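Beneath this line is the structure, given in structure tokens, with notes to follow.
The values are calculated or read from the model by the stated rules, or taken from the named source; none is laboratory data. Computed from a prediction, not measured in an experiment: that's the story for all the values here. Here the Cβ positions follow ideal geometry from the backbone for every residue, glycine too, while neighbour counts run over all protein chains shown.
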Amino acid sequence: MNRVRLDSLSARGWPSPAVTIGNFDGVHRGHAALVMAAAAWARPRNGRIVALTFDPHPARQIDPERAPATLSTLEQKEELLARLGVETLAVLPFTEALANESAERFAREVVAGCLEARRVVVGEDFRFGHERRGDVELLRALGADLGFELEPVPPVLHDGRPVSSSRVREALARGDVQEAWALLGRPHFIDGTVVEGERRGRRLGIPTVNLETANETLPARGVYATRCRLPSGEWVPAVANFGRRPTFGGSLPSVEAHLIDFDDDLYGATLRLEFQARVRNERRFPGPDALVAQIRDDIARARALVVDPGRKGV
């Protein structure tokens, strides 16, 4: 996979591009269906599988006060799309000028001119251009003039409703990480750097790592059964707390995880936490002894709940 930022709209010269367009926030099962459709057209023709996305999220430019928290960073989006078979991630800076650009000009200058698309794959509800005035039928008509074919893909359903990034956010806001897993087709994860904490867990006999993360969307406050990917690529089971540590008077939310059967020094390392199941709500305990007893029970539950805790690789 290579990532290309479209700071200029010069033609890229890629062979027979099949281009799928979207925000791809979280890269959920609906996004996977778009990539699969693009790949099905491109591969027999030795074409390039291209995903066109926007940075920042268009809502940050159009309505910043109501813009949703993103599910994935741009780097995570690139990784997830590469897993699906995307060969090039084309990142179009979403500026005020682009927000005001007509649907016709976007199709002509970006899709046909810069990307030289031969096939365009979008969801049936795809909207584009200034004030989202363009739709699938307009894009089909423009493609007939500009030299690309359009393939609209029906929504992927879960429990009778379309899979969407909004539904994933809603599930995570409830702490329902298993529902998020069903919508994404994989567990929701965050990446973070291990930073210095108060070392309270070590003094209690249950050492933890404190993560500083660029991910904007975390599950509701509580305790979760997770997997942790180490710098070596090995996965280990973990129990993670996202919250304010009320037993010790904490006020700021933090991400803290105990890596089960692992106690090496990880300060400064980048780890991945994959949320698999909710263990319990966050609550205040009368003192350290009661908290330690509960954490030991949490560890036992997490050990039983984590799926494939020791697999190597991504």
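Residues considered: ALA59, ALA40, ALA51. Of these, the only one that is among the small types (Gly, Ala, Ser) and more than 20 Å from the chain's Cα centre (by Cα) is ALA40.
The numbered conditions (1) closer than 22 Å to MET36 by Cα; (2) touching a residue at least 12 places away in the same chain (Cβ under 8 Å) are all true for GLU109 except (1).
Residue-by-condition table, conditions (1) surrounded by fewer than 19 Cβ atoms within 10 Å (Cβ to Cβ); (2) assigned to a helix (DSSP H, G or I); (3) out of contact with any helix residue (DSSP H, G or I) (no Cβ under 8 Å at 6 or more places or on another chain):
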| site | (1), (2), (3) |
| --- | --- |
| ARG3 | yes, no, no |
| GLY13 | yes, no, yes |
| SER16 | yes, no, no |
| ASP25 | no, no, no |
| ALA37 | yes, yes, yes |
| ALA51 | no, no, no |
| GLU65 | yes, yes, yes |
| LEU71 | no, no, no |
| GLU75 | yes, yes, yes |
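Residue pairs whose Cβ atoms lie under 9 Å apart, sitting 6 or more positions apart in sequence or on different chains, and linking a residue in region 267-290 that is more than 30 Å from ALA171 (Cα to Cα) to a partner that is assigned to a loop (DSSP other than H, G, I, E, B) and at pLDDT 85 or above, are TYR267/GLU196. Of ASP264, ASP289, all but one fail to be exposed (fewer than 14 other Cβ atoms within 10 Å of the Cβ) and assigned to a helix (DSSP H, G or I); the exception is ASP289.
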